[in-house]
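The values are calculated or read from the model by the stated rules, or taken from the named source; none is laboratory data. Bear in mind the structure is a predicted one, so any value in this text is a computation, not a measurement. No Cβ is skipped: glycine too gets one built from the backbone with ideal geometry, and neighbour counts run over all protein chains shown.
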Amino acid sequence: MSKVALIKCEEYRLEYLKNKLTEGLSFFGGLKSFIKKDDRVFIKLNCVGPFEAEKAITTHPIFAQAVIQLVKEITTNIVIGDNPATKDLLFTLKKNGLYDVIVEENLKIINGREFTTITNSKCHIYSDFQVSKAMVDVDVMINLPKLKTHSLTYMTGAEKNLFGFIFGLNKAGWHVKASNPLEFGEAINDLYGAILDAYKDKKILHIMDGIVGLEGEGPSSGGIPKQANAILISPDGISLDRVAVELVHLDVNKLFINNIGGARGYGENDLEKITIFGNQLTDFQNVHFLPPKNSLGNLGLKILRIKAVRNLLLEHPVIKHSECIKCGECVKICPPKAMTIKPGQFPKLDKSRCIRCWCCSEVCPKNAIKKSKRPIAGKIIF
């Protein structure tokens with residue numbers, strides 16, 4: 001049986017958080033079951049972009065600090081970081097308050113620009129991945145995902161957070177290679193399998209910040225902060241994400257990345273085979289997250305393998321001029337180069353090239369990119 005600790009936690013106070021984390025870790029024998037003295041530990045943040053902590057888009061700085069201080073009771077050999085989509089990591093860390101914590105705790109911020117190749121020998125599509133070398137040259141990884149919905153993948157959790165092993169704008173290339181949601185799900189799982197292989201003689205621990213999560217059009221500025229009052233802990237990322245989707249009463253059948261991972265045997269995805277310690281799901285009956293608008297089930301995802309039908313059936317990004325600041329971040333990130341901009345003008349979208357990955361919305365600092373209404377044909381079919 002796979003194990004997940006589910007701990008009710010209602011606020012970001014350092015000592016309170018450390019006590020709650022210690023309570024959750026006790027069900028696995030404590031943090032010393034994962035970390036030995038002098039182990040090199042990598043703390044993987046969720047730093048998708050430069051957003052303030054209260055927007056619930058990134059790992060909360062006090063949550064990260066609580067984890068850091070617990071790790072430092074065992075080892076001080078700690079590196080920390082992530083690979084944001086477009087902006088420099090330091091800029092992002094300073095914006096969300098994590099930089100001050102890292103300086104206070106005297107940690108080394110990783111340089112994600114030095115690469116190594118990791119391989120999934122049992123891949124379904126993609127075998128090799130160039131990832132940040134510093135993220136695998138460690139003994140232990142502690143992954144700190146944020147509990148959020150996601151316009152492309154329905155929800156993002158422990159498994160999806162490890163897409164951050166891919167450096168910055170290199171992520172855009174993967175959206176082009178795997179340009180429909182199901183293939184992207186296969187690619188994420190090929191990467192996840194490669195990471196599991198790279199860590200086969202090491203330790204991985206996932207600790208989800210679900211105190212305040214993000215509902216609706218996540219994982220970035222389009223989402224709405226929502227109190228969930230939960231911490232989830234597990235060495236099994238698939239199991240943790242399975243419990244998380246149940247916690248916020250979303251549809252597990254639409255959590256296709258996790259479902260693919262479970263089917264491949266990367267973790268336990270059957271709720272009946274997961275033992276939950278601490279609080280139980282019944283303690284969170286009033287926690288209901290809004291899903292992303294017009295999220296698709298299995299039939300819709302399969303249909304979207306056919307590029308020609310996307311414009312006929314799917315909504316597309318719409319730029320709200322009253323909120324757009326013409327910064328061009330959407331243009332920089334757009335994987336198929338469907339978004340263009342001229343000096344002093346608003347960005348423009350070529351719908352025929354758009355793959356509906358919603359990266360543009362994810363990096364927009366002003367939430368100026370919305371979803372259009374779904375075409376009538378799409379409403380009928382889906």
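A few comments on the model shown:
- Within the stretch 246-264, being part of a helix (DSSP H, G or I) and under 15 Å from Gln285 (Cβ atoms) holds for Glu246, Leu247.
- Breaking point among (1) in a loop (DSSP other than H, G, I, E, B); (2) surrounded by fewer than 16 Cβ atoms within 10 Å (Cβ to Cβ), for Pro335: (2)
- Single match in Lys36, Lys32, Lys18, Lys94 (criterion: basic (Lys, Arg), outside any helix (DSSP H, G or I) and surrounded by fewer than 23 Cβ atoms within 10 Å (Cβ to Cβ)): Lys36
- Hey, Ser352 small (Gly, Ala, Ser), more than 20 Å from the chain's Cα centre (by Cα) and within 21 Å of Glu217 (Cα to Cα) or not: no
- Strands (runs of 3 or more DSSP E) contained entirely in the stretch 100-151, each with at least 1 residues that are on the phi < 0 side of the Ramachandran plot, among the acidic types (Asp, Glu) and loosely packed, with under 14 Cβ neighbours inside 10 Å: 128-132
- Residue list for the stretch 324-338, restricted to those being of a type outside the set (A, V, I, L, M, F, W, C), within 15 Å of Trp358 (Cβ to Cβ) and at pLDDT 95 or above: none
- Residue pairs whose Cβ atoms lie under 6 Å apart, separated by 6 or more positions or on different chains, with the first residue in the stretch 281-294 and over 21 Å from Lys371 (Cβ atoms) and the second part of a helix (DSSP H, G or I) and acidic (Asp, Glu), are Leu281/Glu246.
- Selected residue (only one of Ile303, Ile274 is more than 27 Å from Lys122 (Cβ to Cβ), more than 20 Å from the chain's Cα centre (by Cα) and among the β-branched types (Val, Ile, Thr)): Ile303
- Test: residue in the stretch 301-313 that is loosely packed, with under 14 Cβ neighbours inside 10 Å and either modelled with pLDDT of 90 or more or of a type in the set (S, T, N, Q) (or both): no
- In the stretch 179-206, the residues that are within 29 Å of Pro336 (Cα to Cα) form Cβ pairs under 6 Å with partners that are assigned to a loop (DSSP other than H, G, I, E, B) and among the small types (Gly, Ala, Ser), at six or more places apart or across chains, as follows: Phe184/Ala178; Ala187/Ala178.
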